[in-house]
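The values are calculated or read from the model by the stated rules, or taken from the named source; none is laboratory data. Fair warning: this is a prediction, and the values are worked out from it, not measured in the lab. For neighbour counting, all protein chains shown are included, and Cβ atoms are generated from backbone atoms with ideal geometry for every residue, glycine included.
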């Protein structure tokens, strides 16, 4: 299914000067130490969904880390202007582009050091609470999920440990897991009606863990407690394959990556409830999982293919390039 994927590019009129700070070559490009600038565009192909709406690449702010090395296996330069520590880049309507924003964490915009090797990573949206020492985040998903909670909690990340060109291409993917529950019914007992289903609750999931964006890893949730997650109802329910037969309803939930035994509780508007417990399953970062349930006649059945998993889609992004400095 089409969901999300963002492409950003940070580009600058970078110099191709050597990393040797004592280089005596008089042909060194005098654009060395030009501030990096960031431009973000989106195409008309972006699919809307719960979470970031169409055009989301032209809103909000992101966290950007960059370390300049003298070579692929060389030491990092300690000079602050060649390194970024949780730099905040915010989309500016006035400038129609992304601009560096000075913060307590990083008050000096990074500049390009020359023909060196950069190691960088980024997360969206901006996270002021990134641990300055461990570069980790404690992350929690809401137990009642809404469009607003998705916008705040659908964490995106990107990284590159071998940046050798003057143009940094950032491709954001999802750090979390998405679970879609599609519901169909027996005859007219559960009608294809907005009022047919009151809610869907995902039971048995742990909702908090620690994430390390630089390595794109999650800690294993260690708390024994599990929570109920009230999933978000899609305004437009999904369709069954190429037949275009619409499901009664579709619900999405953000999950922390984990191995879990989930129970799906479906509550109808008339107060009747159905539940189905799934087998233990590993829900991996960046994947979207779909389970289809048929309810009615005092029973609930899972589709023959059980849970299906796909990469959490790609949202098309535009080409990104160098723009003027906004300093």
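Of (1) in a loop (DSSP other than H, G, I, E, B); (2) free of Cβ contacts under 8 Å to residues at least 40 places away in the same chain, residue 282 satisfies all except one. Which?
Unmet for residue 282, out of (1) in a loop (DSSP other than H, G, I, E, B); (2) free of Cβ contacts under 8 Å to residues at least 40 places away in the same chain: (1).
Take the residues of segment 112-144 that are touching a helix residue (DSSP H, G or I) at 6+ places or on another chain (Cβ under 8 Å) and within 17 Å of residue 208 (Cα to Cα): which is surrounded by the most Cβ atoms within 10 Å (Cβ to Cβ)?
Looking at the filtered set, the residue picked out is 141.
The conditions are (1) modelled with pLDDT under 90; (2) assigned to a loop (DSSP other than H, G, I, E, B), and residue 162 fails exactly one of them. Which is it?
All conditions are met except number (2).
Taking only segment 165-179 into account, find how many residues are surrounded by fewer than 21 Cβ atoms within 10 Å (Cβ to Cβ) and modelled with pLDDT of 85 or more.
Total satisfying the criteria: 0.
Identify the single condition in (1) part of a loop (DSSP other than H, G, I, E, B); (2) in contact with a strand residue (DSSP E or B) (Cβ under 9 Å, 6 or more places away or on another chain) that residue 118 does not satisfy, given that it satisfies every other one.
With (1) part of a loop (DSSP other than H, G, I, E, B); (2) in contact with a strand residue (DSSP E or B) (Cβ under 9 Å, 6 or more places away or on another chain) applied to residue 118, the lone miss is (1).
State the number of residues belonging to segment 211-227 that are surrounded by 15 or more Cβ atoms within 10 Å (Cβ to Cβ) and either modelled with pLDDT under 95 or in a loop (DSSP other than H, G, I, E, B) (or both).
7
When the residues of segment 274-312 are filtered to those that are at pLDDT 80 or above and farther than 20 Å from residue 257 by Cα, which remaining residue is surrounded by the fewest Cβ atoms within 10 Å (Cβ to Cβ)?
Applying the filter and picking the extreme gives 275.
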